[in-house]
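What follows is one structure encoded as structure tokens, with my remarks underneath.
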């Protein structure tokens, strides 16, 4: 058997002080841009007032930790729900909730933020299935985040 | 084999344990994973194997699943997230780009329309009228109106680029009016000249929009604006009062007609 490093979704990696440069770090307290509660996909109601006509983020759990500027660059001005396509159970409920965003809450846009690991693609697949079953079309963007917080892809789907 | 590409890897390994060892040989370590819901196709794609390695891996997996069959290996669509960013229009802009396709198909047919057209016959007159209807209804009312009444309002309407686009639309309308005037007079030469001038002019106009205006606008629209623009376009399309498919059918029929004439 050859040596290998395991699944990219759970492979051990250490990025600590890899570039030794912290010159661009912000100073002082950074204001949270979260404008709602709850946020976990099983807990949210897709027709809650903060989703009506909103620009919505559907974010894989790990994204907010990897993406340094998550609040300012992505969360600001948007409503959010989070989920893990690898570990969460009963994801058919997620699909129904996404469909309800499209048809009932009449959201303006959906931005799906996922990590680069293959299991995260499951979240995008859920969205695509929900979009196919929805009557209303909504512009949907997919953002793929690298494990070190770099944006690998950002495009409309 | 395609069905296995869309199944979770753990499920596949449980059913065909040999596959764990095969994946190990390509440094794909799904075996110890306690979840294993990743799809086989995603796993193969994300590990960035060479084309040869991917084919070899898939062939070995296929053999493990169907030892007695000669399996054709399906191609796995390459995911784009590991590549540099590719440009894709936002949905409302893409809608406009897609509408250009039908207009360009009409433009491509104009030389044949001009050659074929005999306005002394009812059929010849009707062909010109149908072409003008496509320009006025589809290209102008359906397409240009979305630009002028909705899209341009998201930008500085006094900017040179928007002014130029509006002037282009006005000029295109003038060519169409000239075609209809010539048709009333039965002046075939003027019909041909104006249709050909329209063709040349609109080809350049579409090129400007596809290559300069739309990419620039796309880059300057926020996510919120993209959503609003899309909803406004959907509403405008629903309220237009005719089916755009009618014009696609017209073009298909015309293309077939001229193709047969060439034979």
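Only the coordinates and a few stated rules stand behind these numbers; no lab work does. The structure displayed is predicted, hence computed values, not measured ones. In this analysis, Cβ positions are derived from the backbone assuming ideal geometry, glycine residues included, and neighbour counts consider all displayed protein chains.
Worth a mention:
- Binned Cα-Cα distance frequencies in the range A:49-156 - 5 Å width, integer %: 2, 13, 25, 26, 20, 11, 2, 0
- Residues of the range B:228-258 falling in the label zone of residue B:121, defined by backbone nitrogen less than 19 Å from a point 7 Å along Cα to beta-carbon, are B:251, B:253-258.
- Scattering profile of the range B:223-263 at q = 0.33 Å⁻¹ [log10 I(q)/I(0), Debye over alpha-carbon scatterers]: -0.97
- Modelled label positions at residue B:167 and residue B:216, each set 7 Å beyond Cα in the direction of Cβ, lie 1.4 nm from each other.
- In plain terms, the residue of B:140, A:55 with the fewest other Cβ atoms within 10 Å comes first and the most crowded comes last, giving B:140, A:55.
- Share antiparallel - DSSP beta bridges, the protein assembly as shown, percent rounded to 5: 25
- Bridge orientation summary for the range A:71-157: considering DSSP beta bridges with both residues in this region, about 45 percent are antiparallel.
- Principal-axis tilt of helix A:121-133 within chain A, Cα atoms, nearest 10 degrees: 10
- Here chain B is described by how far its Cα atoms reach on the three principal axes: 81, 51, 31 Å, from widest to narrowest.
- Hydrodynamic radius by Kirkwood, which averages 1/r over all alpha carbon pairs of the protein assembly as shown, in angstrom: 25.4
- For the range B:134-199, average projected area of the Cα convex hull in nm²: 4.6
- The C-alpha radius of gyration of the range B:89-176, expressed as a fraction of 2.2 N^0.38 Å, stands at 1.27.
- Cα centroid separation - the range A:47-95 against the range B:1-19, whole Å: 30
- Gaussian network model of chain A, Cα within-10 Å springs - most flexible of A:88, A:61, A:103: A:88
- Degrees separating the helix A:91-103 axis from the principal Cα axis of chain A, which is the longest one: 60
- Two-site label geometry, residue A:47 and residue A:27: point separation in nm, points 7 Å out along Cα→Cβ: 5.1
- Computed from Cα atoms, the angle from the helix B:245-262 axis to the main principal axis of chain B rounds to 80 degrees.
- A Gaussian network model of chain A, with springs between Cα atoms under 10 Å, assigns the largest mean-square fluctuation among A:43, A:75, A:126 to A:43.
- The listed peptides B:110-123, A:136-149, ordered by packing as a protection proxy, come out as A:136-149, B:110-123 (highest mean of other Cβ atoms within 10 Å first).
- Extension gain, residue B:133 to residue B:97, is 10.9 nm, computed as 0.36 nm per intervening residue step minus the present C-alpha separation.
- Extension reserve of the residue B:249-residue B:155 stretch, reckoned as 0.36 nm per residue once the Cα distance is removed: 30.4 nm
- Based on DSSP H segments of at least four residues, each scored -39500 (n - 2.57), the protein assembly as shown has a per-residue ellipticity at 222 nm of -15000 deg cm²/dmol.
- Separation of alpha-carbon centers, the range B:112-131 and the range B:213-263, rounded to whole Å: 25
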